[in-house]
Each structure stands twice: as C-alpha cells, then as structure tokens.
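No value in this document is a laboratory result; all are computed from the given coordinates. Keep in mind that this is a model prediction, so the values were computed, not measured. Here the Cβ positions follow ideal geometry from the backbone for every residue, glycine too, while neighbour counts run over all protein chains shown.
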Amino acid sequence: MGTNAYPYVFISYAHLNQDFVLPAISALQAQGVSLWYDRGIEAGSEWPEFVAEKVMSCEKFVLFISNAYLQSQNCKRELNFAISRKKEILSIFLEDVTLSPGMEMQLGTYQAIFCKRFPNMQSFCDSLPKEPFFNSCKNIPGTAQQTTEPFIGQQTNPNPRQSYQTQQPFQTQQYTNPWGTGGNQNTATQSSWQRNPAPNPINPVPEKSKAMAVLLAFFLGSFGAHKFYLGKKVLGILYLVFFWTYIPTFLSFFDAIVLLFRSKASFETRYKCRLK
C-alpha cells in the first residue's frame with residue numbers, strides 16, 4: 001500500500017451523485033488540492049477498515065449532501081466517524097434536503113456551501129478551490145507522488161471521470177440536478193451536460209437578517225412578525241390568532257434567544273435563505 005504524501009481532504013459522497021461530485025474533484029485537483037475519494041468500486045470485507053483509516057488520517061473532511069447521501073448508511077458512518085475524530089468539516093448541499101434534528105445539530109456548527117447559489121456547474125467548480133478551507137491541503141499541481149493504493153483519487157488523476165468509464169456503469173437511477181440541466185438518469189457515461197453546462201434560471205435565494213429576525217421576535221413576536229419574516233406563515237398566523245393568550249409572547253422570547261445563538265449554516269438550512 002502507498003501512503004498519502006500530503007495533508008489531504010477526504011471526499012464523502014453518495015455514488016448516485018457522481019455526475020456532480022467528479023467535476024468538483026477535478027477542479028480541486030487542478031488547483032493542487034490533495035484529495036482522497038472512493039471511486040465506487042465494490043470492495044471486500046476489509047474495505048471499511050481502509051476507509052476508516054483514511055478518515056482518521058485526513059486533514060479535512062468534505063461531504064456532498066443530497067437525499068441520496070442522507071439515505072446512505074455508509075456515508076453517514078463516514079460523517080459520524082469524522083465528527084468523532086474532530087475533523088474540520090465542510091458541507092456542500094447539492095440540493096434542498098430536510099435534515100433530521102440530529103443531523104442538523106451535527107452540521108449546524110460547520111461551514112456550508114449551497115450549490116443553488118451558483119448559476120451553473122462551471123461557476124461552482126471555479127469558486128470551490130478558492131475557499132480558504134482547502135488552503136492547508138494545497139500543493140503544487142503536478143507534483144503529487146504516485147501511489148499504489150486502490151481506488152485512490154489523490155491528485156494523480158486529473159480526469160476522475162475516466163476512471164469511472166473503465167468500470168461497469170452504475171445502474172440507472174433517478175437523481176435531482178441542482179442546476180436544473182441535463183437528463184434525468186444517472187449512468188457512468190452520461191456527462192455531456194457537464195462539458196457544456198447550459199445554465200437555466202433558478203429561483204433566487206432570499207436574503208434574511210438574523211438581527212432583524214431577533215428584533216422582530218423580541219418586540220413583535222406576540223403577533224408572529226418574526227415567523228412571517230422567516231417564511232413560516234402558518235406559525236405566524238397561529239401566533240397572531242392566539243396573541244391574546246400571552247402564550248405567543250412567551251414563545252417569541254424563547255424564539256429570539258434560539259435565533260440569536262443559531263449558527264449561520266443552521267439558520268440558512270432551516271429557513272432556506274442566505275444570511276445577510
């Protein structure tokens with residue numbers, strides 16, 4: 001077995017999302033970021049030990065979150081192990097997902113990137129390597145040493161998709177395209193939309209101010225003002241209808257405290273907005 005020559009980033013993703021993840025991997029590698037990722041090849045009983053060792057040894061941990069990721073037990077094991085090892089984590093949301101309370105609590109304190117904020121795949125791939133998160137794992141492009149580790153994707157493979165195309169294609173599955181382009185089936189050979197991304201208009205992500213939400217909750221929370229501001233119209237109506245009972249007044253003070261201490265990533269995920 002070879003060893004990783006540099007501090008590296010562990011890439012955790014669901015193989016169903018390979019069409020979105022592989023271009024990002026290529027973009028990072030082109031800028032000298034040292035990576036390790038599973039190419040999706042069936043492995044034996046020792047494979048979990050091998051992956052665990054890679055998570056333990058990595059400098060940073062990146063997960064590409066999608067509904068497929070949240071349904072994958074292997075992906076969740078990788079994430080939980082990275083958290084237990086106190087790795088620095090970056091969450092990349094490929095699509096709108098509903099996080100369980102436990103998952104939201106786990107990811108709420110970590111950095112997050114939302115793909116829908118970018119007009120197309122090319123814009124996302126151009127911006128990703130510029131994130132300061134990757135600086136400690138950047139090396140001079142083209143200087144990575146060769147390795148004999150199986151299923152490795154660390155800087156020695158400038159075109160990760162080529163590795164997939166030499167294997168049997170994945171079974172056809174449904175997926176969600178975060179940029180609204182391309183087909184509706186996912187196979188190892190379907191990539192024409194990536195080479196020529198055709199951006200479609202997307203709904204702009206609304207901007208919200210946490211300070212404004214806290215002030216509305218504190219001063220006008222009895223009438224549900226903060227709920228309306230954050231897009232929770234049903235709750236806003238309930239606060240307004242029952243304001244005379246003083247129960248909304250009590251709840252709004254609690255809401256103000258929770259909003260004040262909610263992390264940026266948790267705020268944006270819960271209220272589907274961009275924090276000002």
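Remark: region 42-117 carries a charge dipole of roughly 280 debye about the Cα centre, counting +1 on each Lys and Arg Cβ and -1 on each Asp and Glu Cβ. FRET efficiency for the T98 to L260 pair, using the beta carbon distance and R₀ = 30 Å, is estimated at 0.80.
Neighbours of S100, meaning other residues whose beta-carbon lies under 14 angstrom from its beta-carbon, give a summed charge of +1 when Lys and Arg score +1 and Asp and Glu score -1.
In region 15-132, with Lys and Arg counted as +1 and Asp and Glu as -1 at Cβ, which of these residues, Q111, T98, W36, has the Cα nearest the positive end of the dipole, that is, farthest along it? With unit charges placed on the Cβ atoms, the residue in question is Q111. A Förster radius of 30 Å, combined with the Cβ-Cβ distance separating K276 from Y246, puts the computed FRET efficiency at roughly 0.45.
Given R₀ = 30 Å, what would the calculated FRET efficiency be for S209 paired with R85, taking r from the Cβ atoms and rounding to 0.05? The formula returns an efficiency of 0.25 here. Shape class of region 208-247 from the Cα gyration tensor (axes a ≥ b ≥ c, square roots of the eigenvalues): oblate, since a/c reaches 1.5 or more and a/b does not exceed b/c. Simple spin-label estimate for F50 and L70 gives 3.1 nm between the two label positions (7 Å along the Cα-to-Cβ direction from each Cα). Classification of region 56-148 by its C-alpha gyration tensor yields an oblate form. The axis ratio a/c (a ≥ b ≥ c) is 1.5 or more, and b/c is at least a/b.
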